[in-house]
Amino acid sequence: GSLTESQTPNGHFNTIRANTGSHNTQRTLHRIKMKLYASTATLLFLAQQARAAEFNRMLQQGFPCVVGSFTFELKSTECSYDTFKAGYAKIFNDPLNKRVGCTNTIEEDLAIHFDTTVAELDTAVANACHQAMDDAYALDYHAISLSSDPDFVKKFYNGQTNWNEHVETLLFPSDGTTPEFVLKEEAYNVRTYYDGNSGHARNGKVEWPGDVTNFDLESCELNAAMCCYVKDRQADDGNGNCDNGNNNDQYDTLCVDKDPGDNTDLCMVDYSRAPSSNGIASDGFALFPLNNAEGEGSIHCHGLAWANDDHHMYSRYKGNNLFYVSMYDHMYKRGYVKNVPGAPMCGCVEQMPIVSRSDCTQTDVTESFKFVRNADEAGFTGEVTAIDVEFNSCQGLTKNNNLENYYERLVSDGLVSTDQLSVLRETIVGDNNCDDAIADFFSYKGYAAGFADPDWTYVTGINNLEEPQEDYTSDLFLRAFNERTSKIVRRVCPNCKETHRDVYYVRLTPIPETMDFLNLFKSVWSNEGNVMGTDFDIYSTYEDALAKDTTKAWKACNYLEDDEHKNPTGFPRDCGPTELVGCQWNSWSRGTCFEGRSVAFYLETLETMEINVVPNTKEIGMVYKRGNSLELDDTYYIRGAGYSRYSWGTEDAMHFEGSEITGTITMVAKVSDIMEKRHETSLLSSKAGLMIRESLEKGSKMAQLTLSPKYGVVFNWRLEDDDHCKSSEVVDLIEAGAPVKESWLMLKRYNNMFSAYKSDDGATWEVVGQPIQIDMGDKVFYGQSISSYSSALAEATITNYEVHDSAVIAEASNTDRISIIGPDPSVVHVSQYTLPHNRVEFVIELETGVAGASDISITNSRRMLL
């Protein structure tokens with residue numbers, strides 16, 4: 001026959017029904033009933049012995065398929081929802097463990113055990129895993145040193161204690177035969193904790209020393225730590241340059257103040273980062289602008305990083321990683337010790353010196369878990385039963401053994417944030433970026449760049465002496481130079497040889513029209529119209545330059561044309577007072593000798609020439625170099641880079657003025673002198689002009705009217721955010737033999753209708769393309785714009801720039817008549833404004849719904865919203 005069993009919602013059993021074919025079967029069924037009743041009685045007895053709360057829970061939710069106490073293990077795997085369920089499945093799927101006739105799914109069964117719902121089961125499992133992890137025994141970090149000094153660990157990480165300060169010796173207190181201060185004897189317990197009988201660093205968990213201020217997690221927001229070493233105290237380990245001679249007895253003469261293996265460039269130390277380590281309550285700093293023998297000497301940095309999730313294995317075993325990196329791998333094995341002055345030897349990255357890069361170690365951990373189900377309470381009790389920690393070179397996104405690149409991988413895996421990566425890069429700044437990091441630090445502190453003299457006006461600079469918002473364009477520099485009567489250009493180079501640190505170029509002849517005079521100094525020191533003794537002289541003092549005493553002028557000079565490779569180098573090439581001197585030149589277009597990396601050029605201050613930095617300028621999108629805008633007597637000199645397309649581009653990249661206005665707007669300007677070439681880079685596709693955009697995001701809705709040397713005047717727009725932009729007709733005018741050097745532009749918005757015009761004279765206007773409706777908000781950003789369609793900076797000059805909060809029709813002629821038709825009653829207001837360049841503007845406003853005669857209000861004021 002067949003036997004069936006059903007269960008009521010409260011857990012009681014219904015009547016057993018059986019179809020039998022014989023009397024023996026009925027007797028057998030009777031015995032089964034008796035056994036089942038006995039089992040039920042047993043369950044009720046157990047329930048009476050258990051806690052009442054547990055029994056009530058099981059009565060309300062139903063009995064699990066697996067009852068009573070049991071244990072399962074997760075061998076050599078992570079503890080997660082899937083592995084936990086798989087471990088329980090071995091119990092659940094064994095028929096000997098399951099209650100007869102139980103129809104629960106494994107998820108339903110686990111939910112009953114956890115006293116939760118299936119929907120919340122993943123949270124319950126995660127909590128059980130996390131509790132097992134939290135309860136795992138962790139070695140007290142301070143026990144490793146075996147020191148009686150409770151502050152030994154802190155002192156060690158600040159570059160103190162015998163581990164840092166001793167060097168093996170045969171001098172006192174040695175007897176002359178047996179060496180003293182042997183590192184592997186002083187720190188023997190470090191090896192014990194790595195690969196002794198317990199090997200706790202590899203087979204257990206080491207607590208993070210968060211009570212040491214160097215590693216206080218409240219101030220360790222980047223989840224990264226680093227050690228930077230400046231000394232090697234141990235020989236014969238294949239690392240650093242500590243040497244004890246052929247007979248292994250010359251530590252005292254060959255292994256004092258020796259260097260570790262160099263792997264980074266130390267940029268600077270900010271004392272305010274680690275006052276508890278350096279004992280200095282100061283916001284001072286130390287700079288290391290040079291590298292290796294020319295700078296700080298050898299320095300070795302090595303770090304680690306972990307996840308924001310405290311239960312991720314990188315986070316839970318970060319104490320093991322710190323022990324391995326700092327105590328075992330670098331100190332015990334390599335002999336690397338001592339701190340950069342003013343900084344801890346090891347600490348959270350936020351406290352460490354600013355460096356170019358760091359090596360990196362990651363932990364790869366295999367764990368086993370055991371979980372016990374106790375019948376008298378909900379849930380499982382877990383423990384970590386086995387740990388195997390491996391220490392490996394960090395695996396980054398594109399390169400290994402690199403802390404910054406490993407951190408990028410953590411970002412990619414969602415373990416840390418892009419914001420954290422950005423802050424990390426304030427400490428690990430990248431190869432060859434120390435100068436930029438120092439410059440950014442100066443800017444943050446509010447320091448001026450390296451040189452200031454009120455009698456001299458900054459023109460352009462590079463690296464530490466750069467003031468990018470005040471850099472002149474070539475046109476502005478030529479104009480400003482010609483205004484000076486002395487015709488002197490001054491160059492300051494703090495790192496150059498003494499003869500070249502402060503020199504003066506005196507022009508003797510007029511500047512040729514075809515010469516890019518500014519670029520002559522920056523990158524192309526040529527003899528075309530620029531020959532020493534004929535066109536210019538160079539002097540070592542300002543007094544000699546003013547006097548034009550040729551007996552004190554420099555005597556030796558060479559030029560681009562003297563170089564068979566024609567490498568573009570700037571002022572003063574190898575020119576010198578008495579003979580040629582190398583590596584004192586600067587260049588904006590190529591690498592340079594270090595001495596000439598940071599320079600600036602100046603003109604004598606002229607009180608009658610007031611050059612203003614245009615406010616609100618900014619870079620839109622991805623640009624490789626920052627642009628700027630300067631204004632002199634209503635003439636604007638603008639620079640900018642970035643790849644911006646006329647059509648199909650979904651992102652803009654440019655320099656933009658970015659002022660705000662509400663409602664109707666008309667912009668007018670004359671654009672000219674767009675730079676066509678910088679060094680060897682063609683800038684014919686550069687474009688400069690006028691723009692209106694809804695936001696400062698790179699994919700914003702926008703309307704733009706520009707002039708390009710190659711394509712002339714083009715109107716382009718983007719109808720929706722991040723959509724492809726479109727444009728009026730684009731024609732290669734250079735190929736057609738009709739390039740446009742300058743043009744008047746007019747761009748206006750009336751409601752949400754945008755229209756563009758061009759003119760040769762600012763009087764007769766021609767529409768560009770067709771008016772386009774773009775649904776922008778009432779408030780928009782407007783201003784001048786420039787992009788180079790390259791990584792180089794383009795330049796342009798803009799004059800006659802006007803912005804009106806009305807819909808300008810055009811430049812009117814004597815016979816023009818304008819009609820405005822509105823409802824009756826209406827009032828017309830007419831205002832008169834004086835404009836630059838001997839022009840006048842009449843603004844007509846129609847006010848509807850007001851009875852009365854037309855009211856004409858005449859004023860006489862300038863109307864510009866600049």
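The values are calculated or read from the model by the stated rules, or taken from the named source; none is laboratory data. Note that the structure is predicted; figures quoted are calculated from it, not measured. Reconstructed Cβ throughout: ideal geometry from the backbone, glycine too, with neighbour counts over all protein chains shown. The protein model used for the area step is the full one, side chains on, heavy atoms only, and it has no ligands, DNA or RNA in it. Shrake-Rupley method; radii C 1.70, N 1.55, O 1.52, S 1.80 Å.
Couple of notes before you dig in:
- For segment 221-308, GluC sites (Glu not before Pro) meeting the loop criterion (DSSP other than H, G, I, E, B) and having at most 14 other Cβ atoms within 10 Å: Glu221, Glu294.
- Inter-label distance, Asp562 to Leu719: 6.2 nm, where each label sits 7 Å from its Cα along the C-beta direction.
- GluC sites (Glu not before Pro) lying in DSSP loop within segment 722-813, provided at most 13 other Cβ fall within 10 Å: Glu729, Glu735
- The relative contact order of segment 242-304 comes to 31 percent, based on Cα pairs under 8 Å that sit 6 or more residues apart.
- Sequence-ordered 3J(HN,Hα) estimates for segment 598-606 from the Karplus curve with 6.51, -1.76 and 1.60 and θ = phi - 60° stand at 10, 9, 8, 10, 9, 10, 4, 5, 10 Hz, glycine and proline given as x.
- Taking the charge dipole of segment 176-266 about its Cα centre, with +1 at Lys and Arg Cβ atoms and -1 at Asp and Glu Cβ atoms, the residue from Met226, Tyr188, Asn239 reaching farthest to the positive side is Tyr188.
- Dividing the convex hull volume of the alpha carbon atoms of segment 472-631 by its residue count gives 137 Å³ per residue.
- Exposed-loop-free span, longest in the chain, where chymotrypsin sites (Phe, Trp or Tyr not before Pro) count as exposed if DSSP calls them loop and at most 14 other C-beta atoms lie within 10 Å: 138-446
- Karplus-derived HN-Hα couplings along segment 546-552 (A = 6.51, B = -1.76, C = 1.60, θ = phi - 60°), whole Hz, x at Gly and Pro: 5, 6, 6, 7, 5, 5, 9
- Sum of -39500 (n - 2.57) over DSSP H runs of 4+, divided by residues of the chain (222 nm, nearest 500): -5500 deg cm²/dmol
- Candidates Gln351, His804, Tyr88 compared by Cα position along the dipole of the chain: farthest toward the positive end lies Tyr88, with charges placed on Cβ.
- Computed over the chain: relative contact order in percent, which uses C-alpha pairs under 8 Å that are six or more apart: 8 percent
- Label sites at Lys779 and Val828, each approximated as a point 7 angstrom past Cα along Cα to Cβ, lie 3.5 nm apart.
- Residue-span extension gain [Thr71 to Asn751] - 0.36 nm each, minus C-alpha spacing: 237.4 nm
- Membrane-span-like helices in the chain (whole DSSP H runs, Cα extent of at least 24 Å along the helix axis, mean Kyte-Doolittle hydropathy of at least -0.5): 23-49.
- Rounded to whole numbers, the Karplus 3J(HN,Hα) couplings from phi for segment 791-802 are 7, 7, 7, 8, 10, 7, 10, 10, 10, 6, 7, 9 Hz, using 6.51 cos²θ - 1.76 cosθ + 1.60 with θ = phi - 60°, and x at Gly and Pro.
- By the rule of a C-alpha distance below 13 Å, with chain neighbours fewer than 8 residues away ignored, the aspartates and glutamates paired with Lys184 are Glu168, Asp236, Asp237, Asp329.
- Cα centre as origin, Lys/Arg/Asp/Glu Cβ charges: segment 440-538 dipole, Debye: 220 debye
- No Cys partner within the rule (Cβ under 4.7 Å), the chain: Cys725
- Percent carbon-and-sulfur accessible area, the chain, ignoring ligands, DNA and RNA, probe 1.4 Å: 48 percent
- At a probe radius of 1.4 angstrom, the accessible area of the chain per residue rounds to 47 square angstrom.
- Put the Cα centre of segment 702-773 next to the Cα centre of segment 275-351 and the gap is 56 Å.
- Distant alpha-carbon pairs in the chain (separation over 35 angstrom), percent: 68 percent
- Among Gly640, Tyr602, Pro572 the positive-end extreme of the charge dipole of segment 563-642 (Cβ point charges): Gly640
- By the rule of a C-alpha distance below 19 Å, with chain neighbours fewer than 8 residues away ignored, the lysines paired with Lys677 are Lys522, Lys566, Lys625, Lys687, Lys710, Lys741.
- Placing unit charges on the Cβ atoms only, positive for Lys and Arg and negative for Asp and Glu, gives the chain a dipole magnitude near 2880 debye about its Cα centre.
- Relative contact order of segment 372-514, defined on C-alpha pairs under 8 angstrom at six or more residues apart (%): 9 percent
- Within segment 399-503, trypsin sites (Lys or Arg not before Pro) in DSSP loop having at most 16 other beta-carbon neighbours inside 10 Å: Lys399, Arg425, Arg484, Lys497, Arg501
- Taking amide H positions as modeled 1.01 Å from N, with prolines and chain starts lacking one, the residues under 5 Å from Phe70 and 5 or more places away or on another chain are Arg373.
- Under 5 Å between amide hydrogens, built in the peptide plane, is the criterion, and for Asp502 it picks out Cys493 among residues at least 5 positions away or on other chains.
- Taking the inverse of the mean reciprocal distance over all distinct Cα pairs, the Kirkwood hydrodynamic radius of segment 191-302 comes to 17.3 Å.
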